[in-house]
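Accompanying notes for the structure given below.
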Amino acid sequence: MNRSALVFIAGVFLPSLVLGWLALRTLGEQQIILERRTAELFQSEADSLAFLAREMMVQRQEEFTLEVAGLIGRQPAAAVAAGFSAGTTRLSPEAVLFAIGMDGRLSDVSADSTSSRAEDFLRENRSFLAGGAATEVYQAPMERKAAAREEASAAISKSKDSKVMEYSRQQTARTRNVVPQKMAELAAPAAGLPAAIAPEISDFQNATATGSSGILARFVNDKLQWFFWTRPEDADGITFGCMVPTSAIRAWMESLPERIQHPELCLAILDERGRPIIVSQPAFEADWRRPFVATEIGDVLPYWEAAAYLLDPAMLDSATQTSRAAILAVITLALAAIVVAGFFVVRDARRQLDLAAKKTGFVSNVSHELKTPLTAIRMFAELLEGGAIDDPAKRNKYLRIITLESERLTRLINNVLDFARMDKKHKTYQKRPLDLYSWIGSVWEGASLHLSESGWQCHWQAADAPYPVLADPDAISQVLVNLLSNAEKYGSDTKTLELHSWKEKETLHVAILDRGPGVPSGQERKIFEAFYRANDSLSSGVPGSGLGLTLASRIARDHGGEVTYSHRKGGGSCFTLILPLTKEGCL
Ligand code: ADP
């Protein structure tokens, strides 16, 4: 690998790759932030639903308190308590009512006409309600604030017997049934999150010792039971209670879905076993225990959760995937642009180096080309000057050589000067309408005469004159001289030269054909580049500067035409000058 490629890789390509990598890393971080934001946003939806559910329970409990207060306003508390369990509540026809006197005795219970429900209730709860059995209870007193609650529990531990103290020590915390995929602050947890609420070990009377109303829940046979209770001020210490069935809670919740519709989420309330109680999108199905985010509803509905599920789980990824694809596309494009630009820079640098090498070659070629004719001219001029040559034929031959060599010198100097002018765009043409036939004729005459003397077979196959063109005759003659002199240089082994001239619709074609070696294949275009020589003159023995075809082709282009090369059938070269004919010359 050469130096410029290494510099390109180290200075441009690698930093670009590092930048691309940094961009992707930033994108990854953005994705995490986006997910966190979305999780926070959806978490607030779940929080609102949990709040609504809590409010619903609190409202119902307050309704129960008001109902009892209404009864006590009309009758003495003891009388209300005596008939309380036989009555019904507006909360639910299936609720079981009970009253507990100041002495801790449970009044008889007979829930409406279905005595089996009353029997079940008494069997399951009698000792708990009457203060004989402590179990895990979850309580949400209505009016107790945090400070009051602390005060109350302190009072309990002071006033009650050691049993309460022991109960408190036995407190156990269950884990949540639901494992949210995302949590605002934490990464997704594996499993078994601790629940925010913790039960107390207590019986009904201890649990309701402080405050005047509340909601109390406890597990019976692994199912939650809810007790609304109230102890009105003017009820002589009697506690009125009501066991609310889950079916009633479910019925209350059924009004919620209208209020919790969300375009991207399915919101649901899950019971203590993680089963959906209500669902905002009835057709939605999911692993209910793995919501996107979830919130515990709290003491009023222990282990119940408000959960949110993504309607389209791919939604989160698709946003980041789009931006990831966009960044990848930008990086790929940038890298591609760098590679392409690098390729062009390297190619340009190579060209410059090539050109520099060609120019160096040109200097040595031209020095060589100048030296050869000069040496010949000097040698033959000295011979003639010495007067030693008496033979007139010999003298003429020497004079002819001097003329030819000086012509060669003139041609070379003209080419170099013209090239310099063209390079600086100083070359001007004296264009005029002319019949090129006669100009081709005079160039051909000079060349063929001199070539025939050296044993060449020269033949001009010409279409009828005139060849009307708009051209600078000297410049066009220079093109022909260059092409003829190349044919002479490179076709000297076979010594045959042909010139074909013909008209084709709107163009004039002048082809110069030789039977030399032809241009090596693959170099047909390069020979028209400045200083390019398919065979270096110093090594091949054929003198040249690499400018003849460059000039010929530029002059032709400046006249609206071109010079083309093609291999000649049977071997040799065919260079054709094509020029536009003026209107009157067009076929
Ligand atoms: P020069 O002849 O001074 O080297 P030119 O620009 O006239 O420069 O030609 C460029 C190259 O094209 C030559 O070096 C030679 O390799 C090739 N070339 C030109 N004319 C002929 C020809 N008639 N036959 C074979 N090769 C040719």
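The values are calculated or read from the model by the stated rules, or taken from the named source; none is laboratory data. Computed from a predicted structure; not experimentally measured. Counting neighbours? That spans all protein chains shown, and the Cβs are built from the backbone with ideal geometry, glycine included. When the accessible area is computed, the model is the full protein with side chains, heavy atoms only, and any ligands, DNA or RNA have been set aside. Shrake-Rupley method; radii C 1.70, N 1.55, O 1.52, S 1.80 Å.
Give me the accessible area per residue for region 429-580, probe 1.4 Å, as a whole number in Å². Please list the in-between numbers first.
Values: 6940 Å² over 152 residues.
Computed with neighbouring chains in place, this is 46 Å² per residue.
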Along the charge dipole of region 193-336, Cβ charges K/R +1 and D/E -1, which of 237, 314, 247 sits furthest on the positive end? 314
Here FRET efficiency (C-beta to C-beta, residue 29 to residue 55, R₀ 30 Å, nearest 0.05) is 0.20
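Computing the accessible area with a 1.4 Å probe over protein heavy atoms, can you report the carbon and sulfur percentage for region 221-339? Numbers along the way, then the final one.
Values: 2920 of 5210 Å².
On region 221-339, the fraction of accessible area on carbon and sulfur atoms equals 56 percent.
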Nearest 10, in degrees from 0 to 90: the angle of helix 392-423 to the longest Cα principal axis of the chain is 20
Normalised convex hull volume, the chain, alpha-carbon set, Å³ per residue: 298
The alpha-carbon center of region 514-587 and that of region 345-376 are separated, in whole Å, by 19
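Please report, in debye to the nearest 20, how large the charge dipole of region 429-580 is about its Cα centre when each Lys and Arg carries +1 at its beta carbon and each Asp and Glu carries -1 there.
On the way: 14 positive and 17 negative charges, 68 e Å.
So the magnitude is around 320 debye.
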When only Cα pairs under 8 Å and 6 or more residues apart are kept, what is the percent relative contact order across the chain? 11
Please state the charge dipole magnitude for the chain, taken about the Cα centre, from unit charges on C-beta atoms (+1 on K and R, -1 on D and E), reported in debye and rounded to the nearest 20. 2760
In whole Hz, what ³J(HN,Hα) sequence does region 82-99 give by Karplus (6.51, -1.76, 1.60; θ = phi - 60°), x for Gly and Pro? 4, x, 4, 5, 7, x, 10, 10, 5, 4, 6, x, 8, 5, 9, 9, 8, 9
For the chain, which span is the longest to avoid every loop-located (per DSSP) member of GluC sites (Glu not before Pro) having at most 11 other Cβ atoms inside 10 Å? 286-587
Potential extension, residue 339-residue 120 segment - 0.36 nm per residue separation minus Cα distance: 70.5 nm
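Just need the relative contact order of region 429-580 here, percent rounded to a whole number, with Cα pairs under 8 Å and 6+ apart.
On the way: 268 pairs, mean separation 35.3, N = 152.
Taking the mean separation of contacting Cα pairs over the length of region 429-580, I get 23 percent.
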Reachable aspartates and glutamates, given that their alpha-carbon falls under 16 Å from the alpha-carbon of residue 424 and they are not under 8 places away in the same chain: 558
Could you tell me the distance between the Cα centroids of region 311-327 and region 430-480, to the nearest Å? 75
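Working out 0.36 nm times the residue gap between residue 66 and residue 22, then minus their Cα-Cα distance, what length gain in nm do you get to one decimal? Walk me through the intermediate numbers first.
Details: separation 44, 0.36 × 44 = 15.84 nm, distance 6.50 nm.
Contour length minus the Cα-Cα distance gives 9.3 nm.
Tell me, what % of the accessible area of region 429-580 is carbon and sulfur with a 1.4 angstrom probe?
Values: 3420 of 6940 Å².
Carbon-and-sulfur percentage of accessible area, whole number: 49.
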So how much slack lies between residue 454 and residue 285, counting 0.36 nm per residue of separation and subtracting their Cα-Cα distance, in nm? 50.5 nm
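How much accessible area per residue does region 241-288 have, counting only protein heavy atoms and a probe of 1.4 Å, in square angstrom? Mind showing how you got there, number by number?
Values: 2150 Å² over 48 residues.
Here the per-residue accessible area is 45 Å².
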Determine the alpha carbon to alpha carbon distance for each of 489/583; 495/526; 358/431 and list only those over 27 Å. 489/583; 358/431
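I'd like the Kirkwood hydrodynamic radius of region 410-511, using the inverse of the mean 1/r over distinct C-alpha pairs, in Å. Working shown, then result.
Working: mean 1/r = 0.0673 Å⁻¹.
Result for region 410-511, one decimal place: 14.9 Å.
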How about region 430-515: which trypsin sites (Lys or Arg not before Pro) there lie in a loop by DSSP and see at most 12 other Cβ atoms within 10 Å? 505
